[in-house]
Every structure is written in C-alpha cells, then in structure tokens.
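Visitor: Provided herewith is a single structure, encoded as structure tokens, for subsequent inquiry.
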Amino acid sequence: MSVFLIQTNGREISEDAKPEYIRGAMGPTFVDEPLRHHRYFNANPYWKREGYERRDAWETATGGDTALLYCSSSVNDHPTCLSHILPIENKQIDSKGALLEFETSIEIKPKINYQDIQRLVDQGEFSEKMSYCGQQGFNFTQVAPSDLDKVNDLTTQV
C-alpha cells in the first residue's frame, strides 16, 4: 500500500481556478472536493508537472492506497493541519485530467497542526516530504507509509 499527501484550500473554485479545472470540479470550494464529493481532481496538463514529484505520484496511486489531507489556512473548519485520512477507491487518468475517488473520509482527532508537522519532520518522525505541507504550489505527492503509521499513533479516527 502506498500513501499520498494532498494539500487543499478553502477558496472558491470558480473564482480561483483555470477553466480546465473548473470544468472537471464539483466544488464549490477546493476542500469540498475530497470532503463532500469524495474525490480529488487535477486537470490536464497540471497533473503532469514534475514539481513535488506530482506526476510520479499520480502514476503510482491506485485503489487500495491511502491519502492524508492537509488543509491550508483558508479552510475554515480545519485550518493549517492534517485533518483526514482518505482511503483511495479508484484512480482515473484521461484527457480531462487525473482523478482520485475516495471511500468515506476518516476525520482524525486531534488534528496535527502545521507546527507539529514541521517539528516531527525535523525530529525524523515524519518523512521529509511531509514538510511540503503549507508550501505554495504544492498539492499532491507520495509520502512514506510510516507517515500514515505516525498519524495513526498520534490520533484517533472519528
């Protein structure tokens, strides 16, 4: 099983995204995609970009894998934290873009805030890629399975 990290925000898709993304999204906000609609979409050609090893992650992800959801400061209900575990049910890549479909999201408590994530990276308890949380331009990468283990050690699932 592979583990992935998704970063999302609370902004309105229709006001903040390119037309090709708007056509493939359900919204109304970016965070609604994984939490309300149980999906995560990255339009063509953006999913193919190499930054943060995004393309490799999209090509690797498959049903049965798991994603961790990091919410940026613009997410009112869960700002600047790891908030949910997202079991991946299916992946589809086509001419519109790349799509992950999730089983029901699993809320974690307590949330793991930005400062704690960075501290755990510095202490070697999270992989280096977990430091991508909060970085502008980051949205999707593969992380170590031990990152999910650490999240499970620190939290309970609701």
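Here, each number is a calculation from the coordinates, and none is a lab measurement. Source: prediction; values computed, not measured. Methodologically, a virtual Cβ is constructed for each residue, glycine included, from the backbone with ideal geometry; neighbour enumeration extends over all protein chains shown.
Visitor: For a test of the definition: using alpha carbon positions, the gyration tensor, and the 1.5 limit on a/c, classify region 1-66 as rounded, prolate or oblate.
Guide: Oblate is the answer for region 1-66, as a/c is 1.5 or above yet b/c matches or exceeds a/b.
Visitor: What's the tally of Lys pairs in the chain whose alpha-carbon atoms lie under 30 angstrom apart, where the two lysines are 8 or more places apart or on different chains?
Guide: Close lysine pairs under the 30 Å cut-off: 18.
Visitor: Then there is this: Which of the three applies to region 118-158, rounded, prolate or oblate, going by the alpha-carbon gyration tensor with a ≥ b ≥ c and a/c under 1.5 meaning rounded? If you can, show how the numbers build up before the last one.
Guide: Details: a/c = 1.84, a/b = 1.43, b/c = 1.28.
Because a/c hits 1.5 or more and a/b exceeds b/c, region 118-158 counts as prolate.
Visitor: Specify which residue in the list Leu154, Phe30, Ser127 is farthest towards the positive end of the charge dipole of the chain, using unit charges on the beta carbon of Lys, Arg (+1) and Asp, Glu (-1), about the Cα centre.
Guide: The residue sitting farthest along the positive end of the dipole is Phe30.
Visitor: Using +1 at the Cβ of each Lys and Arg and -1 at the Cβ of each Asp and Glu in region 3-148, identify which of Ile117, Phe140, Trp47 lies farthest towards the dipole's positive end.
Guide: Trp47
Visitor: Further question: Take Gln118 and Lys48, extend 7 Å from each Cα along the Cα→Cβ direction, and tell me the distance between the two endpoints in nm.
Guide: It works out to 3.5 nm between the two label points.
Visitor: Turning to a different aspect of this structure: For Rg and Dmax of the Cα atoms in Å, the listed values are (i) 17.8, 54; (ii) 16.9, 62; (iii) 14.3, 42; which was obtained by calculation from the structure presented?
Guide: Entry (iii).
Visitor: Still on this structure, I have one more. Let me know the shape class of region 45-109, please: from the alpha-carbon gyration tensor, a ≥ b ≥ c as square roots of the eigenvalues, rounded when a/c is under 1.5, otherwise prolate if a/b is greater than b/c, or oblate.
Guide: oblate
Visitor: Only Lys, Arg, Asp and Glu count, each charged at its Cβ (+1, +1, -1, -1), so figure out the dipole size of the chain about its Cα centre, rounded to 20 debye.
Guide: Using Cβ point charges on Lys, Arg, Asp and Glu, the chain gives about 320 debye.
Visitor: Can you tell which of Lys129, Lys18, Lys109 shows the greatest fluctuation in a Gaussian network model of the chain with Cα springs below 10 Å?
Guide: In the Gaussian network model the winner is Lys18.
Visitor: Further question: Please compute the modelled spin-label separation between Asp77 and Gln136, points set 7 Å along Cα→Cβ, answer in nm with one decimal.
Guide: Each label point is offset 7 Å from its Cα along the Cβ direction, giving 2.8 nm.
Visitor: So, with +1 on the Cβ of K and R and -1 on the Cβ of D and E, and no other charges, what is the size of the charge dipole of region 118-158 about its Cα centre, to the nearest 20 debye?
Guide: It works out to roughly 120 debye.
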